[in-house]
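The values are calculated or read from the model by the stated rules, or taken from the named source; none is laboratory data. Keep in mind that what you see is a predicted model, and the values were worked out from it rather than measured. All Cβ positions, glycine included, derive from the backbone under ideal geometry; neighbour counts span all protein chains shown. Accessible surface areas use protein heavy atoms only, side chains included; no ligands, DNA or RNA. Shrake-Rupley method; radii C 1.70, N 1.55, O 1.52, S 1.80 Å.
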Amino acid sequence: MLEKIIAIIIAETGQPGVSVQTDLVRDLQLNSFDIVNIVAALEETFDVEINVRSIRKIRNVKDILATLTELGAHE
Amino acid sequence: MNEPLRGLWRFSADFSGSDSAQRLNQALSWLADQHLLPFVPVQKVVSARGKPAFADLPGLHFSISHCRQEWICLIAGAPVGIDIEQPHPCRQEAITRRFFHPREQAWLTQYPEAFFSLWTAKESVVKWSGKGIGEDFSRFSVIDEAGQLHDTPNYRLIPFVTKKGTPGTMCLSASLRDTVHDYFLD
């Protein structure tokens, strides 16, 4: 699942070099719209709905992985 | 001090991911150097909703946005919100379904090119209110039935374009005049 998440981030942002430690704002300079866009892509790919409270907490790839795991998302 | 700053100040700068706090401090230092602020506030606090403020200068309001390598900040003595976004390919339909009010969705069905101007308007409102993107984001519309940006008794929405050509929207408290003082930080 992590590889898929990373692939989605790379595809949506056009930025390579994303890892589980990547901070979306500090390392990729993403803003809130970029994160919303990534969330939309994740929701479509994993067929889940990520609630807004969880979206606000997303700072890095690890947060995304934890959120999707909590939602029971599968590859 | 209820209103430590007169006027509406908009600072822009080049940006890399880690220096937003530095840029804000630079803007505040400039205002203090010009004797427009009594001092540079340092006691940064963050509300439960994530809205930053200064405990040592509570009447000072600011809002920050960045898009790629561009940073912009609005500073005033009353609540403000600002958002910039360069139109680009994105998950527009999914985001529209999830985050926009039905009236906005209907408008975007006819005029999809309005997507980013509506997005920046909505973001500027939730930054102005301090609520951020939350459950209420899709429950309010920034446009009226004719698709015009909809001011309220409490705020006005003002579209603008940065010097680098990035469109955005400012949400200004009704008490603030429209005149914006622009300054570019080195």
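Which residues, if any, in the stretch B:53-83 lose at least 30 square angstrom of accessible heavy-atom surface (probe 1.4 Å) when the other protein chains sit next to their chain rather than the chain being alone?
Going by heavy-atom accessible area, the residues of the stretch B:53-83 that drop by at least 30 Å² are B:H66, B:R68.
Sorted by accessible area (1.4 Å probe), largest first, how do A:E70, B:E113 line up?
Most to least solvent-accessible, the answer reads A:E70, B:E113.
List, largest first, the extents of the alpha carbons of the stretch B:36-84 along their principal axes, each in whole Å.
Result for the stretch B:36-84: principal-axis Cα extents of 31, 29, 18 Å.
What are the ³J(HN,Hα) values, in whole Hz, obtained from phi via the Karplus relation 6.51 cos²θ - 1.76 cosθ + 1.60 with θ = phi - 60°, for each residue of the stretch B:66-81 in sequence order, with x given for Gly and Pro?
Going residue by residue, I get 9, 9, 6, 9, 10, 10, 9, 9, 10, 10, 7, x, 9, x, 9, x Hz, with x marking Gly and Pro.
Accessible area of B:W30, 1.4 Å probe, to the nearest 10 Å²?
Only protein atoms counted, so the area is about 50 Å².
In whole Hz and in residue order, list the ³J(HN,Hα) couplings for the stretch B:174-180 that follow from phi through the Karplus curve 6.51 cos²θ - 1.76 cosθ + 1.60, θ = phi - 60°; x for Gly and Pro.
4, 6, 8, 7, 6, 5, 9
Compute, for the stretch A:2-70, the length of the dipole vector about the Cα centre, with Cβ point charges of +1 (Lys, Arg) and -1 (Asp, Glu) only. Units Debye, rounded to 20.
300
Over chain A, average the accessible area per residue using a 1.4 Å probe and give it in Å², no decimals.
With the other protein chains kept in place, chain A gives 50 Å² per residue.
Extending each Cα 7 Å along its Cβ direction at B:A94 and B:D151, get the distance between those two points in nm, one decimal.
For B:A94 paired with B:D151, the spin-label model returns 3.8 nm.
If I take every Cα pair under 8 Å that is 6 or more residues apart in chain B, average their sequence separation and divide by the length, what percent do I get for the relative contact order?
Reported as a whole number, the value is 27 percent.
Report the far tail of the P(r) of the protein assembly as shown, meaning the percent of Cα-Cα pairs longer than 33 Å.
When all Cα pairs of the protein assembly as shown are counted, 20 percent exceed 33 Å.
What accessible area per residue, rounded to a whole number of Å², is obtained for the stretch B:86-186 using a probe radius of 1.4 Å?
52
Can you figure out the FRET efficiency of B:R177 with B:F39, using R₀ = 22 Å and their beta-carbon distance, to the nearest 0.05?
After rounding to 0.05, the efficiency reads 0.35.
Sequence-distant or interchain residues sharing an amide H contact under 5 Å with A:V48, placed H: which?
Close amide H contacts, sequence-distant or interchain: none at all.
For the stretch A:1-60, which trypsin sites (Lys or Arg not before Pro) are in a loop by DSSP, counting at most 16 other Cβ atoms within 10 Å?
Listed in order of number, the matching sites are A:R26, A:R59.
Return the long-range amide H neighbours of A:L30 (sequence gap of 5 or more, or a different chain), with a cut-off of under 5 Å between placed amide H atoms.
A:V25
How many times 2.2 N^0.38 Å is the alpha carbon radius of gyration of chain B?
Rounded to two decimals, the normalised Rg is 1.03.
Calculate the translational D of the stretch A:2-70 in whole µm² s⁻¹ from Stokes-Einstein, where the hydrodynamic radius comes from the Kirkwood formula applied to all Cα pairs, the temperature is 10 °C and the viscosity 1.306 mPa s.
135
Using θ = phi - 60° and the Karplus form 6.51 cos²θ - 1.76 cosθ + 1.60, what ³J(HN,Hα) does each residue of the stretch B:45-61 get, whole Hz, x for Gly and Pro?
10, 10, 6, 4, 8, x, 7, x, 7, 10, 5, 8, 8, x, x, 8, 10
Enter the Cα centre distance for the pair the stretch B:24-38 and the stretch B:56-87, rounded to the nearest angstrom.
Taking the Cα centre of each part, the stretch B:24-38 and the stretch B:56-87 sit 15 Å apart.
Contact order normalised by length for chain A, with contacts defined as Cα pairs under 8 Å and 6 or more residues apart; what percent is it?
39
Counting Lys and Arg as +1 and Asp and Glu as -1, each charge on the Cβ, what is the dipole of the protein assembly as shown about the Cα centre in debye, to the nearest 20?
Taking the Cα centre of the protein assembly as shown as origin, the dipole is about 600 debye.
Using only protein heavy atoms and a 1.4 angstrom probe, determine the accessible area buried between B and A, summed over both sides, in Å² to the nearest 100.
For chain B against chain A, roughly 2000 Å² becomes buried.
May I ask you to derive the FRET efficiency for B:K163 and A:L2 from their Cβ-Cβ distance with R0 = 45 Å, giving the value to the nearest 0.05?
So, using R0 = 45 Å, E works out to roughly 0.65.
Given the -39500 (n - 2.57) contribution per DSSP H run of 4+ residues, what per-residue ellipticity at 222 nm results for the protein assembly as shown, rounded to the nearest 500 deg cm²/dmol?
The helix contribution divided over the protein assembly as shown gives -10500 deg cm²/dmol.
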